[in-house]
1. Quick one, can you get me the convex hull of the C-alpha atoms of the stretch 99-153 expressed as volume per residue in Å³?
2. When averaged across all projection directions, what area in nm² does the alpha-carbon convex hull of the stretch 125-175 cover?
3. Name the residue farthest towards the positive end of the dipole of the stretch 164-220 from the options Thr176, Leu164, His194, assuming +1 on Cβ of Lys and Arg, -1 on Cβ of Asp and Glu, about the Cα centre.
4. Span-like helices, the chain: DSSP H, alpha-carbon axial extent 18 Å or more, mean Kyte-Doolittle 0.5 or greater, which ones?
5. Can you give the percent of C-alpha pairs in the stretch 18-116 whose distance is more than 22 Å?
6. Distance in nm between label sites at Ser184 and Thr266, each 7 Å beyond Cα in the beta-carbon direction?
7. What is the set of long-range amide H partners of Arg77 at a cut-off below 5 Å, with H atoms built 1.01 Å from backbone N?
8. Could you order Arg170, Arg206 so the one with the most accessible surface comes first? Probe is 1.4 Å.
Amino acid sequence: MTLASLSSTPRVTLIGRLTGLRVPPIVILSFLVVALAIAWSLAPGLFTGYDPVNGTPAQKLLGPSAAHWFGTDHLGRDLYARVVYGTASSVASALIAVVIGVFAGGIIGLLAGFFGGWVDTVFARLVDVLLAIPKFLLAVIVVTAIGFDTTNAAIATGVSAVALFARVMRSEVIKTRAATFVESSFLLGGSRWHILWRHVLPNASRSVLPLAVLQFGDSILVIASLAFLGYGDPPPASDWGLMISIGKDYLKWPWLVYAPALVTITTVLSVNRISRWLRKTD
């Protein structure tokens, strides 16, 4: 082996890694869409100067134009401003739902997969009960029990996702627990809790990230559906689902439905595309 070949080997390896991590244009576009949605939720006043609650009756039901990008609604409120201000509620509630699903489902799957025995049996039966109920129906049941509110809708959506995260985490923990380095740690005298938090959890949680991103987009859709059915905040809130529900009563002015629906669909599809990319790169 020559000196030139030795010096070129690290360079080839580095180039190969960079090539493997190349982000497709559609994923970059998806990241930009999600970044815009996050920016809307954090600082909506930077993107519009209109009031999302108080409108001008003389300007009601105007079509999309340079002055009103998404048109105006039946009360003369700028629809683009309402969509922008409604992003904070959609993003925050979806984040709450994902955190609940990841934390509760992750703990259940982690303990069930690692300890096995009666612990696994009890948690497995609990997960089977949750999976037996359709996810959206479970969310409706929970939000009906705790009250009609966007935060409660987020909690209900998170509860409906617990079983999904628990099953994925349990599967990954069982696979990781059988790994050689975990068995070696047992033989070296490591305690069960040390091995659980130091070795099993970091390796088993890798598959949870793409699922959490996917669930974030799904939560936006579920929460919007609950708001559409009236299980979220009441008017004059500007939740995306609520805006679609109000707009459906004005079929002669279709932009009242198209604008919030298009933003919802674009955001959810972008998040789903990012989740697929993360799963492939993993």
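1. Details: hull volume 4.3 nm³, N = 55.
Taking only Cα atoms, the stretch 99-153 has a hull volume of 79 Å³ per residue.
2. 3.7 nm²
3. His194
4. Values: long enough: 3-20 (26 Å, 0.54); 25-42 (25 Å, 2.52); 79-115 (53 Å, 1.81); 117-132 (22 Å, 1.32); 150-177 (39 Å, 0.57); 208-228 (29 Å, 1.95); 255-281 (39 Å, 0.54).
Helices meeting the criterion: 3-20, 25-42, 79-115, 117-132, 150-177, 208-228, 255-281.
5. Result: 55 percent of Cα pairs exceed 22 Å.
6. Label-label distance for Ser184 and Thr266, simple model: 5.1 nm.
7. Thr56
8. From most exposed to least exposed: Arg206, Arg170.
The values are calculated or read from the model by the stated rules, or taken from the named source; none is laboratory data. Computed from a predicted model, the values in this text were never measured in an experiment. FYI the Cβ positions are ideal-geometry reconstructions off the backbone, even for glycines, and counts take in every protein chain you see. Side chains are part of the model used for accessible areas, which takes the heavy atoms of the whole protein and leaves out ligands, DNA and RNA. Shrake-Rupley method; radii C 1.70, N 1.55, O 1.52, S 1.80 Å.
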